[in-house]
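What follows draws every value from the coordinates through simple rules; no lab data is involved. Keep in mind that what you see is a predicted model, and the values were worked out from it rather than measured. Heads up, the Cβs are rebuilt from the backbone with ideal geometry, glycines too, and the neighbour counts pull from every protein chain shown.
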Amino acid sequence: MSVDVSLAYDDQNIFAKILRGEIPNRTVYRDEWALAFHDIAPQAPVHVLVIPTGAFVSWDDFSARASEAEIAGFVRAVGQVARDLGLTGAGYRLLANTGHHGHQEVAHLHVHILAGKPLGPMLAR
Ligand code: AMP
């Protein structure tokens, strides 16, 4: 089920709970601005989620409300994770599902990093 991103941020979403340490995750990277962890249901050999540590629902919410430092820190973290995982040679895909039509299931901004094999066309035809 997808979420309505026009609603205010709900601090009971599962990624907020992960950030607070209330539920476990397989962390691959953490700094002041971002947390990256393995997706619980991987859809590629490498499937990592990168989330900002601040309370943002979506990319557009983040771009509107986040500070310059939060934006820089998060964007840099996404690239850092890709480099740390050794993905830059063979390549990878970044994906940020947003809202109902984007099939966003968790209402905390997250970027999927997908990699590890040729991923095919961007959307199923
Ligand atoms: P989206 O559809 O873009 O909102 O993606 C949400 C992603 O979160 C899905 O790929 C889920 O498999 C993943 N997910 C949900 N719960 C967890 C969890 N506890 N730990 C790691 N990944 C999760």
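Counting only residues 5 or more places away or on other chains, whose amide H sits under 5 Å from the amide H of Val28 once H atoms are built in the peptide plane?
Amide H to amide H, under 5 Å and 5 or more residues apart or across chains, Val28 pairs with Ala36, Phe37, His38.
So how strong a dipole does the chain carry about its Cα centre when Lys and Arg Cβ are +1 and Asp and Glu Cβ are -1, to the nearest 20 debye? Intermediate results must be reported in sequence, preceding the final value.
Values: 10 positive and 13 negative charges, 113 e Å.
Once rounded to the nearest 20, the dipole reads 540 debye.
Just to check, using Stokes-Einstein with a Kirkwood Rh over alpha carbon pairs, what's the diffusion coefficient of the range 14-115 at 37 °C and 0.692 mPa s in µm²/s?
Calculated translational D: 239 µm²/s.
Which order do the peptides 49-57, 111-119 take when ranked by the mean count of other beta-carbon atoms within 10 Å per residue, highest first?
Averaged packing, sorted descending, gives the order 49-57, 111-119.
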